[in-house]
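Undergrad: What follows is a single structure, and I will ask about it in a moment.
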Amino acid sequence: MGRFVMLVMTDANLGMEEEFNRFLDDVHIGDVLQADGLVSARRFRLNDHQPVFARGVPDLRYLTVYEIDCEDVRTVIESLERHRETGRWRQSNTTAPTRICAVYEQLPSVWAGTNPDESGDNTLPNAQLDEKARTAR
């Protein structure tokens with residue numbers, strides 16, 4: 001299975017932030033997760049403190065990260081498009097019209113953060129972490 005994430009950056013319409021968050025948490029994300037291959041979603045809000053080198057941060061304060069697990073991400077995208085076109089996920093006037101959406105593929109050589117093992121090595125590639133998790137079961 002391939003490992004992908006879909007990042008969706010959005011914002012609330014002016015004065016509708018509370019309703020926007022309630023709608024996403026209680027309705028929209030559950031609707032979107034009905035599409036084939038989507039397994040989870042996590043939401044984030046842009047922090048007021050950003051690194052100096054983070055120039056050009058989009059003026060979109062909310063990020064939803066959807067985890068996708070599938071053989072062919074094109075089938076997931078097709079499912080998402082069908083759900084949207086047929087109204088299987090509900091929309092709200094609380095969401096600002098501007099959004100950014102992109103699907104990313106996990107690289108096999110990405111290093112995970114610190115996770116010390118018996119040898120004292122404090123960083124392991126994802127593949128090694130996955131293997132440790134399988135053998136620990």
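Undergrad: Within the stretch 41-62, is there a residue that is touching a residue at least 40 places away in the same chain (Cβ under 8 Å), closer than 14 Å to V5 by Cα and not aromatic (F, W, Y)?
TA: The answer is no, given that none of the residues of the stretch 41-62 is touching a residue at least 40 places away in the same chain (Cβ under 8 Å), closer than 14 Å to V5 by Cα and not aromatic (F, W, Y).
Undergrad: Continuing with the same structure: Can you tell me which residue within the stretch 4-43, out of those that are assigned to a loop (DSSP other than H, G, I, E, B) and touching a Leu at 6+ places or on another chain (Cβ under 7 Å), is surrounded by the fewest Cβ atoms within 10 Å (Cβ to Cβ)?
TA: D11
Undergrad: Could you run through the stretch 60-88 and say how many residues are part of a loop (DSSP other than H, G, I, E, B) and open to solvent by less than 30 Å² (accessible area, probe 1.4 Å)?
TA: Adding up the residues that qualify gives 1.
Undergrad: Right, another one. Those residues that are open to solvent by 50 Å² or more (accessible area, probe 1.4 Å), in contact (Cβ under 8 Å) with a residue 24 or more places away in the chain and of a type outside the set (K, R), I need them from the stretch 92-116; list them, please.
TA: Across the stretch 92-116, the qualifying residues are N93, T98, I100, C101, V103, Y104, E105, Q106.
Undergrad: With the structure loaded, tell me whether I77 is within 22 Å of S40 (Cβ to Cβ), modelled with pLDDT of 85 or more and out of contact with any helix residue (DSSP H, G or I) (no Cβ under 9 Å at 6 or more places or on another chain) or whether it fails that test.
TA: yes
The values are calculated or read from the model by the stated rules, or taken from the named source; none is laboratory data. Because the structure is a prediction, the values reported are computed rather than measured. Cβ atoms come from the backbone with ideal geometry, glycine included; neighbour counts cover every protein chain shown. Ligands, DNA and RNA are stripped out before the accessible areas are found, and what is left, the full protein with its side chains, is counted by its heavy atoms. Shrake-Rupley method; radii C 1.70, N 1.55, O 1.52, S 1.80 Å.
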